[in-house]
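Have a look at the structure below before the remarks.
The values are calculated or read from the model by the stated rules, or taken from the named source; none is laboratory data. Here the structure is a predicted model, which means the values were calculated and not measured. Please note: Cβ atoms are built from the backbone with ideal geometry, for glycine as well, and neighbour counts cover all protein chains shown.
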Amino acid sequence: MFWDVIGTCLSPVAAAAALRLSCPLIIGSTGGCFNEKTSTGNLAYECFMLTGAFFGAYGSYLTGSPLMGSLLAIVSGLVLAAIYGVLVYHLNCNAIIVSVAYNSAAWALTTLLLVVVWNTRGQFNDPSIVSYSNLEWAFLKPFPALDMIFNYNILMVYFAFAFTFIGYIVMYKTPFGLRLRGVGINPDAAQAAGINVRKYRWICLIIMGASMGLAGSYMPLCGMSLFSENMTRGRGFLCLTSTLVGKGHPIRTMFVALLFGYANAMTLVLSTYGIPTQIIGMLPYVMVLIVLLSVGIKNYKGGADISGDTL
Amino acid sequence: MNGDEYILEMRNITKTFGDLVANDGVTLRVKKGSVHALVGENGAGKSTLMNVLACLYKQDYGDIVLNGRHVHFRNSRDAARSGIGMVHQEFMLFKDLTVLENIMYGFEEKTAWIFINKRKTKRKIKEICEKYHFNIPLEAKVNDLPVSMLQQVEIVKVLYKGADIIVLDEPTSVLTPQGVEGLFDAIRFLARSGKTIIFITHKLKEVFAVADTITVLRDGRVTGNVRPEDVNENELARLMVGREVMLQADRSARELGGVFLRAEDVSVRDKDGVLRLKHANFDIREGEIVGIAGVAGSGQQQLVEAIFGLSGVEEGGKITFLGQDITRAEPRERRRMGMGYVPQDRLGVGANALGTVWENSIMGYHISHGFKSKVFLRHKEIDEFTGRVVSQFNVKTPNIYEKLGNLSGGNIQKLIVGRESIQDNRLLIVEDPTRGIDVGAVEFVWAKMLEIASSGRAILLVSHELNEVMQLSDRILVVYNGEIFDGGRYQEKNDREIGLLMLGGGESDAG
């Protein structure tokens with residue numbers, strides 16, 4: 001039994017599931033990296049993602065095209081980001097309060113929309129919500145394991161990795177990236193160098209909103225073709241955690257997101273072995289704690305720092 | 001007029017912040033290739049004027065004429081492109097980025113329109129470094145470099161941006177005497193190479209050492225345009241402050257009493273486990289001012305923390321205060337025994353910028369000296385005490401309910417020194433008491449410290465300002481790399497000798 005469990009955990013099936021489950025996390029947290037690096041203080045990941053999930057389903061339902069669904073999800077992310085930006089940058093609202101309000105409001109809003117638009121509660125399941133179809137790569141067929149993991153995925157899965165890579169290039173190889181990193185480290189110095197700090201924060205907020213919206217649309221359109229209440233179930237927070245642990249470095253963040261995706265996959269795999277679902281359901285969050293703890297221990301230098309220079 | 005002769009003219013610049021007139025019709029004319037000193041007390045409007053020049057502020061009235069042409073900058077990048085480079089007092093650096101990235105920030109060389117051309121940028125910076133004799137590691141992270149190096153980075157940065165006029169805002173406040181010499185050499189070299197330097201300072205010695213012309217500001221107005229050969233230090237000080245000032249501490253001979261504090265074999269490790277203070281042995285006697293000189297980070301901080309009880313002392317060390325062993329006592333216990341502390345970081349450690357003046361004047365003494373009844377604060381007593389601090393230490397504040405953060409640095413410092421010394425403290429630990437405060441306030445704080453010592457108390461003075469240590473201390477100790485060296489009694493050694501001790505400890509003494 002024990003070895004069975006271990007075997008399953010390391011099987012291509014688990015890896016394939018991990019890849020699919022981490023896709024929205026990777027897309028979202030790559031956008032989140034931009035947010036993190038400019039220190040916008042935006043924590044409303046869950047809100048952007050859940051709203052994106054609803055509008056992804058809705059767009060696809062209206063047009064019959066998953067692509068249009070994703071597009072509408074991106075637009076919803078942009079609108080939320082714009083409102084956030086006006087509140088925080090122009091009206092000087094407290095970023096944390098706005099984020100908390102956003103996150104709590106998103107659940108209520110999407111549940112309300114579920115009733116208003118589809119006149120249903122809990123879950124809306126309809127063939128009119130058209131999902132992305134799986135892509136097939138013939139050249140992977142001869143290798144069963146690779147075939148199982150990397151073949152038959154929807155476009156967004158491949159896009160996720162490309163997006164991370166582009167994010168990395170933009171952030172570390174272009175003047176734009178250098179400037180935005182500087183804005184996060186020392187806004188005063190950036191301003192003295194003639195950088196419009198607010199503009200950079202706005203751009204990064206927009207990037208974050210768009211990619212979280214897109215990430216949200218993955219869930220209803222990855223094959224399930226449904227929208228349910230609180231569909232994201234804390235995945236937005238996993239995105240936030242990935243960017244924080246990855247310190248805003250897109251590649252590092254991607255690996256953390258993969259780890260969380262893997263933990264998510266375990267919950268599916270292990271439930272077939274009769275392990276109580278409550279325990280399995282904790283896995284991704286336990287993983288968050290373990291990751292944070294190990295990062296924390298690595299950085300721990302012992303003793304309280306009285307001089308306060310770590311603050 | 002003399003349009004060709006002056007590279008920069010700022011005419012009748014007026015800048016107000018609400019009711020405060022920071023610059024009131026200031027006119028500044030700077031010649032090409034000169035070192036122009038802009039002197040004045042803190043709050044005189046020097047930095048405001050330069051921020052107007054760099055377009056960090058917009059002036060209300062007045063014109064800027066650069067190379068004979070009127071200019072209107074839209075933002076600070078615009079100003080930088082026109083050849084104005086600013087080295088701020090607080091370094092404008094990104095600590096997690098490399099030196100290279102810091103220098104090119106905002107002015108990157110590009111390939112294919114969008115990518116950073118690192119090689120080309122690096123070559124360009126290397127050329128500048130060679131031309132102007134700077135030696136900085138381009139790939140190192142800014143975080144890992146010493147302060148004097150960071151200053152070079154800042155200067156190279158403005159040169160990279162093509163600055164013809166380089167504004168240095170209080171550049172020496174972070175440097176050792178030797179570092180200051182190095183900076184002055186660099187300034188002279190830059191001026192010889194055709195660059196124009198505007199040098200902001202309130203230290204008069206530096207003005208005479210390096211400036212070609214001097215403009216003095218007081219309360220937002222120009223009070224003098226002079227040449228260093230035409231004035232002496234006292235005249236310049238009078239232009240700055242508007243009255244006679246004492247530049248030498250007024251010392252009267254004092255009787256030294258018994259030993260107040262004795263440190264025996266005190267060693268301290270920092271939070272990384274590195275030994276930062278090694279086997280320190282010294283006494284502080286009644287009526288004595290003991291000055292600690294040293295390059296920043298040589299162990300002064302650990303020394304102070306050990307004495308005040310903020311860091312633990314290694315096994316075998318012992319600190320005795322007024323005859324009692326206090327090696328393991330809490331800071332609160334030490335305060336109760338009569339130990340006062342004026343920390344270097346005024347707003348971080350010494351006071352609460354968001355609190356009121358009265359809250360800050362009882363801070364740290366609300367327990368030991370009975371400002372409260374069983375539960376509540378006794379406001380009558382507090383008001384009376386705060387009033388004493390404010391009046392005796394000449395703290396300029398509208399009332400005692402004012403938020404501390406609205407006071408100037410000098411006034412905050414006076415409040416803290418006042419708070420610690422009006423208390424019945426026997427020993428005051430004072431760190432950098434005059435950092436960033438103006439000449440008038442320096443004079444005042446110095447006089448107060450000497451007065452405190454004469455009234456049968458003792459002071460441990462830790463300062464990065466060598467002149468201050470030499471002026472005030474009865475006995476000087478020099479820390480170098482965690483070890484303590486004897487810097488002699490008052491006026492026993494000159495600043496050159498002590499500077500050498502600061503840089504090399506005992507070994508360099510012979511050479």
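Miscellaneous remarks
- Yes/no for residue B:90 being in the same structural domain as residue B:135 (by TED's automatic domain parsing) and either of a type in the set (Phe, Trp, Tyr) or at pLDDT 85 or above (or both): no
- Where helices (runs of 4 or more DSSP H) fall wholly inside segment A:93-206, the ranges with 3 or more residues that are surrounded by fewer than 14 Cβ atoms within 10 Å (Cβ to Cβ) and at pLDDT below 95 are A:95-118.
- Given (1) more than 7 Å from chain A (Cβ to nearest Cβ); (2) under 29 Å from the mean Cα position of the chain (by Cα); (3) closer than 20 Å to residue B:128 by Cβ, index of the condition residue B:90 fails: (3)
- Selection status of residue B:7, within 14 Å of chain A (Cβ to nearest Cβ), within 22 Å of residue B:197 (Cα to Cα) and β-branched (Val, Ile, Thr): no
Table: residues versus (1) facing chain B (nearest Cβ under 10 Å); (2) among the small types (Gly, Ala, Ser).
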site	(1), (2)
A:171	no, no
A:175	yes, no
A:178	yes, no
A:182	yes, yes
A:200	no, no
A:205	no, no
A:211	no, yes
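- Among the residues listed as B:191, B:249, B:209, the single one being aliphatic (A, V, I, L, M) and at pLDDT 90 or above: B:191
- Single residue of segment B:59-79 satisfying the filter (in contact with a strand residue (DSSP E or B) (Cβ under 9 Å, 6 or more places away or on another chain) and within 14 Å of another protein chain (Cβ to nearest Cβ)) that is modelled with the lowest pLDDT: B:76
- Criterion: within 14 Å of chain A (Cβ to nearest Cβ) and surrounded by 23 or more Cβ atoms within 10 Å (Cβ to Cβ) - qualifying residue of B:312, B:291, B:273, B:299: B:299
- Of all the listed residues (B:106, B:68), the sole one being assigned by TED's automatic domain parsing to the domain that holds residue B:29 and either in contact with a Phe, Trp or Tyr (Cβ under 9 Å, 6 or more places away or on another chain) or surrounded by fewer than 15 Cβ atoms within 10 Å (Cβ to Cβ) (or both) is B:68.
- For the criterion of being surrounded by fewer than 21 Cβ atoms within 10 Å (Cβ to Cβ), under 16 Å from the mean Cα position of the chain (by Cα), more than 30 Å from residue A:83 (Cα to Cα) and at pLDDT 90 or above, residue A:255 passes.
- Checking each residue in segment B:319-352 for being farther than 13 Å from residue B:425 by Cα, buried (at least 17 other Cβ atoms within 10 Å of the Cβ) and touching a residue at least 60 places away in the same chain (Cβ under 8 Å) picks out B:343, B:344, B:346, B:350, B:351.
- Among the residues of segment B:394-410, those that are surrounded by fewer than 20 Cβ atoms within 10 Å (Cβ to Cβ) and either among the small types (Gly, Ala, Ser) or under 20 Å from the mean Cα position of the chain (by Cα) (or both) comprise B:405, B:406, B:408, B:409.
- Test: residue A:42 is crowded, with 24+ Cβ neighbours inside 10 Å and outside any helix (DSSP H, G or I): yes
- Residue match in segment A:120-138 (condition: in contact with a helix residue (DSSP H, G or I) (Cβ under 9 Å, 6 or more places away or on another chain), within 14 Å of chain B (Cβ to nearest Cβ) and over 22 Å from residue A:48 (Cβ atoms)): no
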